[in-house]
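J.: What follows is a single structure, and I will ask about it in a moment.
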Amino acid sequence: MHRHLFALGISLALAGCAPTPDQPSPPQRAVSSPATMPTEPALDSEQVYPYLVPEAYLEHQSSSDSPTQPLGHGISVALVADFNGVVRNITVQDLEPLALPWEDARSRALRNLEKLLANGTISMKLFEKGPADLPFIVIGGHWAAATAILLPKLRSIAATHFAGDSVCASIPHRAALLLFPCGTVESRAAMRAMILKHEGAAKKPLTFELFSLTEAGVKPLPVD
């Protein structure tokens, strides 16, 4: 049995990042009878986060009630709420008591996500030498780790450890994000093989295709 990469590596003390235990609860709605269903607390804007979902996820929700944004490679960005570790998708109707338009909720969700990285809830580990002798960074420790790919500051953080500003990213599952120099076709293939070996059996898979972090945002990298 292979260990997940996040269990290894050197912790990065960047922006207050420090390792924390995994938060295993995936986005879900509890199924129970009306008589036994607990009262859900009111939604607070501080509980809203972006969340990466595969195409199959979209089959179970209304695009008008819960709009999503395409990221590429069959992955989209949804909005969820975290109720003390119980995470579920949110709808336009959920935001009405907050008088928070959907686009404003997306902006707030990104700020909330950035706080998780800044305070170390989502943590980072550096591997100084990986496939093709290139360094790479593993981000994990939280169910929203993969979603950190959306944070604009991530590119500059990674570039400080890489030779050059070409940064590629992999989101094999929801609790892992890997950053590494884009390098060559061969180095990317070696990195993908390593990721598949260590992260291929994880729960809540996303994609093994790669992305590029650019000044304009996250771009799907063409398949080599």
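J.: Residues in region 179-205 that are touching a helix residue (DSSP H, G or I) at 6+ places or on another chain (Cβ under 6 Å) and of a type in the set (A, V, I, L, M): how many?
T.: Kept after step one, since they are touching a helix residue (DSSP H, G or I) at 6+ places or on another chain (Cβ under 6 Å), are these residues of region 179-205: 179-180, 187, 190-191, 194, 198.
Retained after the next criterion (residues that are of a type in the set (A, V, I, L, M)): 179, 190-191, 194.
Of the residues in region 179-205, 4 are touching a helix residue (DSSP H, G or I) at 6+ places or on another chain (Cβ under 6 Å) and of a type in the set (A, V, I, L, M).
J.: For region 83-100, what are the residues that are within 29 Å of ILE137 (Cβ to Cβ) and either buried (at least 18 other Cβ atoms within 10 Å of the Cβ) or touching a strand residue (DSSP E or B) at 6+ places or on another chain (Cβ under 8 Å) (or both)?
T.: VAL87, ASN89
J.: I need the full set of residues from region 145-158 which are hydrophobic (A, V, I, L, M, F, W, C) and part of a helix (DSSP H, G or I), in order please. Outline the logic, then answer.
T.: At the first step, the residues of region 145-158 found to be hydrophobic (A, V, I, L, M, F, W, C) are 145-146, 148-151, 154, 157-158.
Across region 145-158, the qualifying residues are ALA146, ALA148, ILE149, LEU150, LEU154, ILE157, ALA158.
J.: Let me ask another. Of these, GLU46, GLU103, GLU59, which one is loosely packed, with under 11 Cβ neighbours inside 10 Å and modelled with pLDDT of 85 or more?
T.: Working: GLU46 fails: loosely packed, with under 11 Cβ neighbours inside 10 Å; GLU59 fails: modelled with pLDDT of 85 or more.
Criteria check complete, one pass: GLU103.
J.: A further question on this structure: Count, please, the residues in region 99-144 that happen to be free of Cβ contacts under 8 Å to residues at least 40 places away in the same chain and outside any helix (DSSP H, G or I).
T.: Adding up the residues that qualify gives 3.
J.: Follow-up question, since we're still on this one. State all residues of region 67-98 that are within 20 Å of ALA146 (Cα to Cα) and either assigned by TED's automatic domain parsing to the domain that holds HIS173 or in a loop (DSSP other than H, G, I, E, B) (or both); if no residue qualifies, say none.
T.: Hits for region 67-98 are PRO67, THR68, HIS73, GLY74, ASN84, GLY85, ILE90.
J.: When you scan region 63-71, do you find a residue that is without any contact (Cβ under 8 Å) to a residue 24 or more places away in the chain and either surrounded by 22 or more Cβ atoms within 10 Å (Cβ to Cβ) or over 20 Å from the mean Cα position of the chain (by Cα) (or both), even just one?
T.: yes
J.: What strands (runs of 3 or more DSSP E), lying completely within region 159-218, carry at least 2 residues that are in the same structural domain as ILE139 (by TED's automatic domain parsing) and surrounded by fewer than 19 Cβ atoms within 10 Å (Cβ to Cβ)? Can you show your working first?
T.: Working: elements: 167-173, 176-181, 210-214.
Result: 210-214.
J.: Look at HIS161 and say whether it is of a type outside the set (Phe, Trp, Tyr) and more than 19 Å from HIS73 (Cβ to Cβ).
T.: Against the criterion (of a type outside the set (Phe, Trp, Tyr) and more than 19 Å from HIS73 (Cβ to Cβ)), HIS161 qualifies.
J.: Continuing with the same structure: Which residue, of LEU178, LEU221, LEU213, LEU151, is touching a Pro at 6+ places or on another chain (Cβ under 8 Å) and touching a residue at least 40 places away in the same chain (Cβ under 8 Å)?
T.: Just a single option satisfies the conditions, and that option is LEU178.
J.: All but one of (1) out of contact with any Asp or Glu (no Cβ under 6 Å at 6 or more places or on another chain); (2) modelled with pLDDT of 95 or more; (3) of a type outside the set (Ser, Thr, Tyr) hold for GLY130, so report the exception by its number.
T.: Tallying (1) out of contact with any Asp or Glu (no Cβ under 6 Å at 6 or more places or on another chain); (2) modelled with pLDDT of 95 or more; (3) of a type outside the set (Ser, Thr, Tyr), GLY130 fails exactly one: (2).
The values are calculated or read from the model by the stated rules, or taken from the named source; none is laboratory data. This one's a predicted model, so the numbers in the text were calculated from it and none came from an experiment. With ideal geometry, Cβ positions are generated from the backbone for all residues, glycine too; neighbour counts draw on all protein chains shown.
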